[in-house]
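Below is one structure, written out as structure tokens, with a few remarks after it.
The values are calculated or read from the model by the stated rules, or taken from the named source; none is laboratory data. What you see is a predicted model; the values in this text were computed from it and never measured. Cβ placement follows ideal geometry from the backbone for every residue including glycine, while neighbour counts extend to all protein chains displayed.
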Amino acid sequence: MEPKKNTDAKNISKVQEKRRQSPTEEVLVKGILNGDRTALARAITLIESTQIEHLEKANFLVEQCLVKKSDSIRIGITGVPGVGKSTFIEAFGKYLTSKGKKVAVLAIDPTSTQSKGSILGDKTRMNELVKDPNAFIRPSPSSESLGGVARKTRETMILCEAAGYDVILIETVGVGQSETAVHSMVDFFLLLKLAGAGDELQGIKRGIIEMADALVINKADGANRKEANRAQTEFKRALHLYPPKSNGWMPKVLTCSALEKTGISEIWDMILEYMALAKKTDYFDSARKQQNKSWLLQTIDERLKQRFYANPENKKRLEELLNDVMANKISPFQAAEKLLKAYKKEKS
């Protein structure tokens with residue numbers, strides 16, 4: 001009789017070997033459509049891959065998942081670092097799952113321009129939500145893409161919808177042009193603010209107010225509650241300077257405390273009110289078409305860049321021209337023109 005220790009070791013080895021084997025695209029699609037979180041996570045890893053050989057597989061996954069109809073609500077959540085985005089998303093996500101919703105959180109972590117690494121720590125900041133069987137949290141590195149929005153966020157969103165998640169929350173890093181990129185892929189855009197941070201007038205000047213469908217002043221608790229109410233009044237006055245949105249919606253200003261879990265239900269009710277108006281006026285379908293248009297154009301840009309930099313001859317020319325630019329032998333503009341002309345000639 002074989003010793004139990006050896007049998008256990010063999011069983012563990014078999015499990016590890018099975019995990020190492022990459023499932024086929026067909027198996028992943030089947031798993032996603034059945035709501036398998038492991039299959040979903042593996043598929044997202046595949047579409048986030050920058051390897052050329054994974055591109056065709058990723059395209060197959062997205063195409064198959066697009067076929068499944070979804071009544072999801074895509075919500076973008078942004079705000080400056082320190083506004084409490086992760087705490088708010090956890091409180092909001094837990095509220096939604098308590099209402100029977102399946103929630104996917106796509107959290108974008110900034111990629112370091114120095115080390116090229118990301119902390120990907122959102123799961124550690126959402127202790128309760130990460131344990132919820134009706135929630136799926138996927139932190140992704142921004143990969144230095146526009147505004148800190150992960151290059152594959154749109155595809156990931158499609159996969160999550162196919163897996164049965166009916167509320168998709170997309171969190172941005174809250175810097176640069178991330179808001180613009182996220183705004184182009186969601187149905188509702190939520191801007192989190194802080195009271196007494198000295199940014200009330202700055203917020204009015206920034207174009208982000210024009211994009212926001214609602215402003216929520218977080219951390220409205222304890223001694224800060226009075227300040228939050230004052231900020232709410234100021235922002236309400238400011239919003240009257242802007243014309244109503246094309247669907248007739250007037251952005252609202254609410255307060256909440258993600259820590260105390262107050263004001264969360266009111267935010268969800270407001271989003272449902274917005275969605276009802278958007279669908280009644282056909283704005284929802286029109287906006288979704290614009291999202292697809294934006295997706296197409298950005299994908300073309302991404303693919304062109306990918307092919308350009310992956311070209312072996314281009315890599316060689318680029319290295320030579322970079323040395324010339326740094327030695328002030330040629331201007332960056334002239335070097336770029338020279339490189340593009342050579343690439344075009346090669347392709348013609």
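Checked against the criteria, Ile300 does not count as aliphatic (A, V, I, L, M) and touching a strand residue (DSSP E or B) at 6+ places or on another chain (Cβ under 7 Å).
Taken together, the criteria place Leu304 among residues that are exposed (fewer than 12 other Cβ atoms within 10 Å of the Cβ), farther than 29 Å from Val83 by Cα and without any contact (Cβ under 8 Å) to a residue 40 or more places away in the chain.
Of all the criteria given as (1) buried (at least 20 other Cβ atoms within 10 Å of the Cβ); (2) at pLDDT 90 or above, the one not satisfied by Asp132 is (1).
The residues in segment 43-76 that are assigned to a helix (DSSP H, G or I) and over 21 Å from Ile170 (Cβ atoms) can be counted, and the count is 10. Pairs linking a residue in segment 320-341 that is in contact (Cβ under 8 Å) with a residue 12 or more places away in the chain to a residue that is surrounded by 12 or more Cβ atoms within 10 Å (Cβ to Cβ) and of a type in the set (S, T, N, Q), with Cβ atoms under 8 Å and 6 or more positions apart or on different chains, are Leu339/Asn314. Any chance you could count how many residues in segment 76-93 are in contact with a helix residue (DSSP H, G or I) (Cβ under 7 Å, 6 or more places away or on another chain) and either among the small types (Gly, Ala, Ser) or under 26 Å from Asn34 (Cβ atoms) (or both)? Qualifying residue count for the region: 5. Which residues, counting only those in segment 84-118, are modelled with pLDDT under 90 and among the β-branched types (Val, Ile, Thr)? Matches in segment 84-118: Ile108, Thr111, Thr113.
The number of residues in segment 223-243 that are within 16 Å of Leu194 (Cβ to Cβ) and basic (Lys, Arg) comes to 3. One residue stands out in segment 71-107 among those that are among the polar types (S, T, N, Q) and under 18 Å from the mean Cα position of the chain (by Cα): the one that is nearest to Asn218 (Cα to Cα), namely Thr87. Among the helices (runs of 4 or more DSSP H) confined to segment 199-317, the ones with at least 1 residues that are acidic (Asp, Glu) and modelled with pLDDT of 85 or more are located at 225-239, 264-280, 283-310.
From the list Ile52, Ile12, Ile47, Ile73, the lone residue that is over 30 Å from Asn311 (Cβ atoms), aliphatic (A, V, I, L, M) and modelled with pLDDT under 95 is Ile12.
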